[in-house]
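The values are calculated or read from the model by the stated rules, or taken from the named source; none is laboratory data. Here the structure is a predicted model, which means the values were calculated and not measured. A quick note on method: Cβ atoms are made from the backbone with ideal geometry, for glycine too, and the neighbour counts reach across all protein chains shown.
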Amino acid sequence: MYKGATPRIRKVLYALIIVFALLGIRLVFVQLGAAKPLSAIASNQYRLAVPLLPKRGVIYDRNLKELAITINLNSVFAEPFRIKDKGSVSQKLANILGISRDEIYRKLSQEKGFVWLARKVSPDTARRVLALNIKGIDFVKEPQRAYPNGVIASHIMGFTDMDNNGIEGLELRFDKYLKGVTGCRYAIRDAKQREVPSYEYKEIQPMDGDNMVLTIDSVIQSIAERELENGFKKYNAKGACVIVMDPFTGDILALANRPSYDPNNAKASPADFRRNRAICDFFEPGSSFKIVAASGLLEEKAVKPGDKFFCENGEYKWCGHTYHDHTPRGWLPFKDVIKYSSNIGTMKAAQKLGKDRMYKYIKKFGFGAKTGIELPGEVTGITAHPVTWSKLSLCSISIGQEVTVTALQLACAMSVFANGGNLVKPRIVERIQDGSGHIMQNFESKKPRRVISEETAQEMRNILRGVVDSGTAELAEVDGYFPGGKTGTGQKVEPNGAYSHSRFTASFIGFAPYDNPKFVIAVIMDEPRPFYYGGVVCTPVFKRVTAELMSYYKIWPASLHSDNVKVSTSLKGKREIKKNNR
Amino acid sequence: MTFVAVMYVNQQALIYQMGLKVKQNNDVYTKLVDHNKIVIYNVLNLRSPVSLERKLLAGKVELSMPSKWQVVKLVKKGPIASLFASGRQENRFK
């Protein structure tokens, strides 16, 4: 301090020294003591993490036609504080977005920096909103799952929610494969929260979801859906389903349910419409289940196709309970017992099989266990152990009562006869592959399990051919292809535990062509009205689907194979090829 | 020193401009890809069996399995034979 300074100047100098000393101390504190938290606050202010959304995988049918894809749509949002004339803006947007003016006004009046007005609007709607050029109304792109075929295969694929998470069907079951992994881009933002393009310092690329190839054929699926819809409406059924299956590989070629829904707008349908009845609903199959007792009896050589049974002219008392046939009959050979679906004949024959062997065949055919299909929500059905059976149980079970099954289990059981005696595991997913086509997971057909011998399977095919040829399923006949199958009409159980006389589950499970089966088709109708027999309500659906499948696969009817070969079916149901020497 | 500072600022401005241009181009690219996806969706929608069937029904076009007399097979012949047999068709089921 120089000597000439006045006391006032000295005071100012002292004050400045103190101020700068304090600033210095503060600087040391900021630089050393509070550096970390302060730099974190600063970093949060200027750094920006932009999520990079992965592309959800595509779902293809077996011919690589897209069943589910992802498109980006605009979502409309508002920054209410930037909108001056809220009333007028609400009115303009209401006309375009299809939301009430009051609803939009309510959203715009909220004291928030950001509100959604409409999520994932159509490109046309987005264009019209953009044309209004309103300050404070903006867009953000969001991925939206889209199903080009609408209702077709909706129960198989399921759908996703607003955030693209799988909710039902394969979208749910394989969500972790389909949705991929979100990436991130770390950048710097300016004072107006905008990304500064040249200052990107780290980017983690998103991993797109894997694509999935199904065993479904979209053409067969649409045929099955159309014919099921016709049958469902014609017979005023409460529900219905159809399954088309390759009996040798277990590939599901089509699986449709009614009522159905559009996965593009799943919320518009009640939850009941979204249930996959083919695997989630179990029912008492009625006469369709006679195939189990019949094949067991033939395999164990307990009966021969020609063995005769007295069908008691339609009324049979057993253990204090009276059983009926829908058509009274006297003596019938065993093959005709199945052909005409005689309850009494089947029950009498089943006595020769016995409880334990009956149960063994129920299990061998895969009833009471999940088939293992890749769809979520599959149920097992109910098959009680023989220990718990009553005196009536063997009779009841042989005609499809006291057991519950799913439509898919019945289709698998019919495949046993079509493929020569093996139970195949059904599959609906063929493979999962990445975007460049590398296979990530292959769902190969599992080795089938032998249930009955080839001879028994052939014998059963003959009997089942007779059912269509001149039995209870004559309406299923397709000229030139000789299908076989079994009808069923199961009584539903009333709340008081008694069998209903007004509510039935009708079914028909068949295969075609007879000599070299290509398909097994199961048709189930829940509470059809006014007709309720499987042979009346389900067989027409089977017939039309079969006829179209044959055209689609260019399988010519027997009459077109050659002029020199005549194909006919004998009364035994056997196919005979006779040389025509004309 | 001033020259170096000016060059530095100029370089930063150029980097920013280029970044902006890249971003703008990327936005255009994204927009086109999105538009392409929507067009693909529309094409798939039009090509779907349900849509085609609806059109056929609306046009009252009924398709069915051909009769025996309607089926012909085009026979592939050798180069010399085909010179003499061009345009001929053979009924597979004659």
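Results, tabulated for the structure shown:
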read-out	value
The lone exception for A:P51 - which of (1) part of a strand (DSSP E or B); (2) buried (at least 22 other Cβ atoms within 10 Å of the Cβ) it fails	(2)
Subset tally (residues that are more than 17 Å from A:R427 (Cβ to Cβ) and either touching a helix residue (DSSP H, G or I) at 6+ places or on another chain (Cβ under 8 Å) or assigned to a strand (DSSP E or B) (or both)) for the range A:54-71	8
Members of the range A:93-128 found to be crowded, with 18+ Cβ neighbours inside 10 Å and more than 21 Å from A:N72 (Cβ to Cβ), listed by number	A:L93, A:I104, A:K107, A:L108
Looking only at the range A:147-191, and only at residues there that are within 17 Å of A:R274 (Cα to Cα) and small (G, A, S), the one that is nearest to the other protein chains (Cβ to nearest Cβ)	A:G150
Among the candidates A:Q144, A:Q91, residue that is at pLDDT 90 or above and farther than 30 Å from A:N276 by Cα	A:Q91
First in the range A:528-552 and within 14 Å of another protein chain (Cβ to nearest Cβ) and assigned to a helix (DSSP H, G or I), second anywhere and surrounded by fewer than 21 Cβ atoms within 10 Å (Cβ to Cβ) and among the acidic types (D, E), Cβ under 9 Å, 6 or more apart	A:K543/A:E477; A:A547/A:D479
Residues satisfying the stated conditions in the range B:1-56, i.e. among the small types (G, A, S), part of a helix (DSSP H, G or I) and at the interface with another protein chain (Cβ under 7 Å from one of its Cβ atoms)	B:G19
Condition broken by B:K73, with the remaining ones in (1) more than 8 Å from chain A (Cβ to nearest Cβ); (2) out of contact with any strand residue (DSSP E or B) (no Cβ under 7 Å at 6 or more places or on another chain); (3) exposed (fewer than 13 other Cβ atoms within 10 Å of the Cβ) satisfied	(2)
From the options A:L408, A:L394, residue that is farther than 25 Å from A:L253 by Cα and among the hydrophobic types (A, V, I, L, M, F, W, C)	A:L394
Residue within the range B:57-68 that is at pLDDT 75 or above and within 11 Å of another protein chain (Cβ to nearest Cβ) present	yes
Elements of type helices (runs of 4 or more DSSP H) in the range A:89-190, at least 2 residues being out of contact with any Leu (no Cβ under 8 Å at 6 or more places or on another chain)	A:101-108, A:123-132, A:175-178
Counted residues, the range A:343-371 - those being of a type outside the set (F, W, Y), outside any helix (DSSP H, G or I), at negative phi and touching a helix residue (DSSP H, G or I) at 6+ places or on another chain (Cβ under 8 Å)	2
